[in-house]
Amino acid sequence: MDAQTTQRIVIVGGSTGGSSAAAQIRRLSEEAEIVLFEKSTHISTAYCGLAYALGGVVPEVETLIPIAPDQLGQRFNVDVRTRHEVVSIDKDDKTLTIHDAVADRNYSERYDKLLLSTGAAANIPAIEGVELPGVFSLRTVDDLRSILPWMEEKKPRQAVVVGGGFIGLEVVENLKHSGLEVTLIEEGQQLLNHLDREMATLLQAELHAHGIEQIFSARLMRIVSEQGRLRLELDNRQPIRAEMVILATGTRPQTQLAESTGIEIGDLGGMVVDNTLCTGIGDIYAVGDAVELPSRIDGRSTLVQLAAPLSQQVRIAAMNITGYPHAYPGVLGTFVCKVFSLTAAAVGYSERALKRQGAGYNKVIIPATNHVFFYPDVESLTLKVLFDPLDGRLLGAQAVGGQGTDKRIDVLATAITARMTIYDLEYLELGYAPPYGAPRDLVNIAGSVGAGLLRNDIRGIYPDEVAAWRKRELEIIDVRSADEFELGSLPGARNIPAEVLRDHLDGFSSERPILVCCQIGSKSTSSQRMLIQHGYECMNLLGGYTLWRLFHPGEMTFEVTSEAVEKSDNLIEEGIVDVRGMCCPGPMLKVKRHMKSHTTGTPIKILVDDVGFLHDFSNWCERFNHNIHDVHKEDNHYIVVCSK
């Protein structure tokens, strides 16, 4: 039997990466001796389910631990040692020093191949009060087991979540489902920094509609216990009081062991590996949250802490360790995240990341719906695609919306992997049936618009570019109907519906550029082509007024009147307006028509599933002095109670 098949393989870290690696190595080598060290009592924890267990969506905490140490050991013939921490590595002698916490002793072990899967730890801010009762982080099953009994005993009513990333958003949603009033504090200017700001605005609106107070650009300075409650002091506003706090302030790679061994740490704070996932020290490999990896797009170093890339790294590291050479192709950072009734997903680079790199790019942002308008339960879906301005190569994509959001990002992740271009998307053949999409899918439309921009067939600007054009005394023409225009438009816009635009051609100056806009950019495209053919310099507002609202969200407020009104479920049937399943601006136009004929002062109950409606309706009611009495979420739709 040769040395290759009798090698001793040691794995440091028994979480998902380490446990999966042990199983994969055994599948590839029945003869190898495998030892796994884990400093805690658990292995193979499904960390992505912690927040859902907190909210009771996952009813049993034990289901987050799919395999026990003894089960892994028996099934795959692995020597699993929990509560054993590797404290040092001698790379020359290929030995480890391990601390056995049960026996409180140190001892040595040798290895032939070593795999580090040390992961990341919760990044707890170094401030006063983080150790107070009622202040928690949520990174491990032990954290969860501390929080749940405390909540059962104390029955808190108000909670603060610090951090608006993946974990923070999941915790906010699940605490809200548990009946708590929730405030979210984010040090940055937006939720979910993996998205560009205008896309994150959609998530902010969704949280607002669920009654989540959001505080941005605020740093937590300290937490103080005050008469049985907690007082959170911020750097830019009055203190906030709550009964519990969950710190979701990100994670940091656990690289102390690697650093002490002499493994190179990159600029992003993770271990540096080659395309075999081997560190610069021979026979020491690394995977997971503590490893920097090359981008699949351009080879740039990235730090991606996601489960799907980890699964791929484990398979490739296991193959290389057991003598089956295989190169890691790089990471895209594809993710999907649930935020109440919305889905947020992305792949590749964001616009903000490309700006930081100084990279050239072009973009397409398409506000649309997840399937054809006539099929019930249509939902909004906004897609953003970034591509190279020279050859159209795809660089990244983001999507926020209802069902089918993840599907579009998965399609685009495949397209980026295949090194496809924006031109390829235009005629990509995708499945269609009314419940799932449209004959020209949103991905096709993004390809068509992007290819049109590169071919100069489409002359358009985005809402964030309007300010620069205004310096040329830009004339803005809104070609929607008068009813749609009344609901809101760009500042300084003049309403000339597309149907009568030809009758007003003599009223435009040939010295001033014209910007035409509509609801989502389709009607204005036809108007633009007509104006260009009549000799005018004309641009189209890409994405229309719908996209303008994302770049200029303002403050969404629902001013609920103090007038006593019975709960919405007691209203007479004649006062119910059901606009569920309608896409913008349909809900607003239907409600507006109903309000015209409705008796002044009599309550109206509106059923709606488009969060964008809430923003428009609030502004419209303020403009025309209508009263909003109640706004709340019920099942999968919103209920608004108002009166004329």
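Where a number appears in this text, it was derived from the coordinates with a stated rule and is not lab data. If you're wondering where the values come from, they're calculated on a predicted model, not measured in any experiment. As a convention, Cβ positions derive from the backbone with ideal geometry for all residues, glycine included, and neighbour counts pool all protein chains shown.
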Exercise for review: Could you tell me how many degrees, from 0 to 90 and to the nearest 10, lie between the Cα long axis of helix 586-597 and the main elongation axis, the longest principal axis, of the Cα atoms of the chain?
Suggested key: 40 degrees
Exercise for review: Give the peptides 535-541, 492-498 in descending order of average Cβ contacts within 10 Å, highest first.
Suggested key: 535-541, 492-498
Point to revise | For segment 353-438, with +1 on Lys and Arg beta carbons and -1 on Asp and Glu, the positive-most of Gly437, Ile416, Gln403 along the dipole | key: Ile416
Exercise for review: Note down the nm distance, to one decimal, between modelled labels 7 Å out along Cα→Cβ at Asp578 and at Gln227.
Suggested key: 4.8 nm
Exercise for review: Net charge near Asn77: determine it from the other residues with C-beta under 15 Å of the C-beta of Asn77, scoring Lys and Arg +1 and Asp and Glu -1.
Suggested key: 0
Check your understanding: Can you give the net charge of the other residues whose Cβ lies under 13 Å from the Cβ of Ile281, counting K and R as +1 and D and E as -1?
Key -> -4
Exercise for review: Could you work out how far helix 166-177 tilts from the main Cα principal axis of the chain, as a 0 to 90 degree angle to the nearest 10?
Suggested key: 70 degrees
Review point. How long is the gain from Glu30 to Asn619 if the chain were fully straight, where each residue apart is worth 0.36 nm and the alpha carbon distance is subtracted?
Key: 205.3 nm
Practice item. Please state the charge dipole magnitude for the chain, taken about the Cα centre, from unit charges on C-beta atoms (+1 on K and R, -1 on D and E), reported in debye and rounded to the nearest 20. Key: 880 debye
Study note, to complete from the structure: Stretched fully, the stretch from Lys590 through Asp92 gains (0.36 nm per residue minus C-alpha distance, one decimal, in nm) 171.7 nm
Revision key, fill the gap. Between Tyr324 and Ile67, Cβ-based FRET efficiency (R0 22 Å, step 0.05) works out to 0.35
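For the chain, what is the calculated [θ] at 222 nm in deg cm²/dmol (nearest 500), taking -39500 (n - 2.57) for each run of four or more DSSP H residues and dividing by its residue count?
Calculated at 222 nm, the ellipticity per residue is -8000 deg cm²/dmol.
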Revision key, fill the gap. Protection proxy (average C-beta count within 10 Å per residue), highest first, orders 420-428, 260-268 as 420-428, 260-268
Practice item. Sort Phe624, Phe37, Phe485 so that the residue with the fewest other Cβ atoms within 10 Å of its own Cβ comes first and the one with the most comes last. Key: Phe624, Phe485, Phe37
Review point. Mean 1/r over all different Cα pairs, inverted: what Kirkwood radius does segment 568-643 give, in Å?
Key: 12.3 Å
Point to revise | Projected label distance in nm at Ala103 and Arg352, using a 7 Å step from Cα toward the beta-carbon | key: 5.0 nm
**Study point:** segment 214-287 versus segment 446-492: alpha-carbon centroid distance in Å
**Key:** 42 Å
Review point. Which one of Val182, Pro491, Tyr324 has its Cα pushed farthest toward the positive end of the charge dipole of the chain, where Lys and Arg give +1 and Asp and Glu give -1 at the Cβ?
Key: Pro491
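What is segment 353-438's relative contact order, in percent, from Cα pairs under 8 angstrom and six or more apart in sequence?
Computed over segment 353-438, the figure is 27 percent.
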Review point. Net charge near Val400, counting Lys/Arg +1 and Asp/Glu -1 over other residues with Cβ under 14 Å of its Cβ?
Key: 0
Point to revise | Separation in nanometres of the label points that stand 7 Å from Cα toward Cβ, at Glu181 and Glu634 | key: 2.2 nm
Study note, to complete from the structure: Ordering 162-172, 147-157 by per-residue average of other C-beta atoms within 10 angstrom, highest first, gives 162-172, 147-157
